[in-house]
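Participant: Here it is: the structure, laid out below.
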2 protein chains.
Amino acid sequence: MSDAPLWTALADPHRRAIVALLLERPRSVGEIVEACGLSQPGTSKHLKVLREAGLVRVRQDAQRRLYALDPGPIAELDAWLAPYRKLWNTSLDALGDRLDETAPDTPEEPAPKD
Amino acid sequence: MSDAPLWTALADPHRRAIVALLLERPRSVGEIVEACGLSQPGTSKHLKVLREAGLVRVRQDAQRRLYALDPGPIAELDAWLAPYRKLWNTSLDALGDRLDETAPDTPEEPAPKD
DNA sequence: ATCCAATATGCCTCACCGGTTATATAGCGG
DNA sequence: CCGCTATATAACCGGTGAGGCATATTGGAT
């Protein structure tokens with residue numbers, strides 16, 4: 001049954017970093033290793049967790065493995081968020097912080113901070 | 001420093017259950033204890049984590065402590081989600097799963113499943 | 001002042017997680 | 001077939017987090 005691997009997977013900062021990396025484009029393990037400064041086995045382990053959470057998919061290219069983001073589970077997160085959204089729509093609407101909704105022109109890749 | 005307490009706080013199923021409870025209405029510790037079947041000290045501990053993550057606020061009423069949800073951090077989560085949202089807008093839009101956006105009439109409290 | 005009800009804290013234990021090093025496995029080029 | 005590269009798995013370890021019980025604290029009632 002394994003609880004809810006989604007949250008557990010995203011609870012780790014390194015894993016979130018990997019997810020952010022894969023948001024730009026699919027990457028090989030080597031790239032990820034270099035990008036997030038972890039050891040190769042450690043990175044593989046994190047990738048396994050992300051894989052088992054369904055957050056990433058692998059495509060084998062020669063002896064490389066290309067990891068790519070799978071939007072499904074993140075959509076689940078969004079669905080989880082939905083009931084709470086009205087909270088800050090009703091109580092903080094005066095703040096006018098509606099910065100989401102795929103902003104009109106997206107100047108740069110906002111590079112998720114965390 | 002403390003990394004990102006938000007994710008850590010929400011990584012625990014019991015804590016998510018508490019958050020879901022507080023979405024309905026503010027509750028006393030006793031109610032929460034009874035609702036999620038944990039021991040009272042355990043519950044208090046979880047509440048402390050949620051408090052330190054900024055997810056809940058306390059209001060003292062007699063010797064009770066009324067815990068209420070603070071929407072701020074959840075909005076942060078939503079902000080984090082934002083860059084990913086276009087993923088399933090562009091790749092899965094045909095699926096037509098736009099069930100969010102504070103659905104027109106919200107028949108019942110959807111009671112977040114997890 | 002005392003007792004009770006409600007909540008928080010302190011210890012302790014146990015399991016799990018993240019990290020490392022060493023080793024196995026798979027695919028390619030010679 | 002052999003060696004090389006890329007990735008995964010195994011074995012191990014230190015830290016941390018969740019859970020329980022007992023105890024301290026706080027506020028109200030009598």
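Participant: Rounded to the nearest 20 Debye, what is the dipole magnitude of the range A:3-70 about its Cα centre when Lys and Arg each give +1 and Asp and Glu each give -1 at the C-beta?
Facilitator: Dipole magnitude for the range A:3-70 comes out near 160 debye.
Participant: Sorted from fewest to most neighbouring beta carbons within 10 Å, what does the list A:Thr8, A:Thr43 look like?
Facilitator: Values: A:Thr8 18, A:Thr43 21.
Ascending number of Cβ neighbours within 10 Å: A:Thr8, A:Thr43.
Participant: Can I ask one more? Exceeding 31 Å between C-alpha atoms, which entries from my cross-link table qualify? They are A:Lys86/B:Lys45; B:Lys45/B:Lys86; A:Lys45/B:Lys86.
Facilitator: The answer is B:Lys45/B:Lys86.
Participant: Which chain B residue puts its Cβ closest to the axis that rotates B onto A, and at what distance in whole Å?
Facilitator: B:Ala11, 2
Participant: For the range B:3-70, what is Rg from Cα atoms divided by 2.2 N^0.38 Å, rounded to two decimals?
Facilitator: The range B:3-70 yields a ratio of 1.00.
Participant: Taking the Cα-to-Cβ direction at B:Arg25 and at A:Lys45 and moving 7 Å from each Cα, how far apart do the two end points lie in nm?
Facilitator: 4.7 nm
Participant: What FRET efficiency, computed as 1/(1 + (r/R0)^6) with R0 = 41 Å and r the Cβ-Cβ distance, is obtained for A:Ala35 and B:Glu34, rounded to the nearest 0.05?
Facilitator: Calculated transfer efficiency: 0.30.
Only the coordinates and a few stated rules stand behind these numbers; no lab work does. These numbers were taken from a predicted model, which means no experiment stands behind them. Cβ coordinates were reconstructed from backbone atoms using ideal geometry, including for glycine residues, and neighbour counts include every protein chain displayed.
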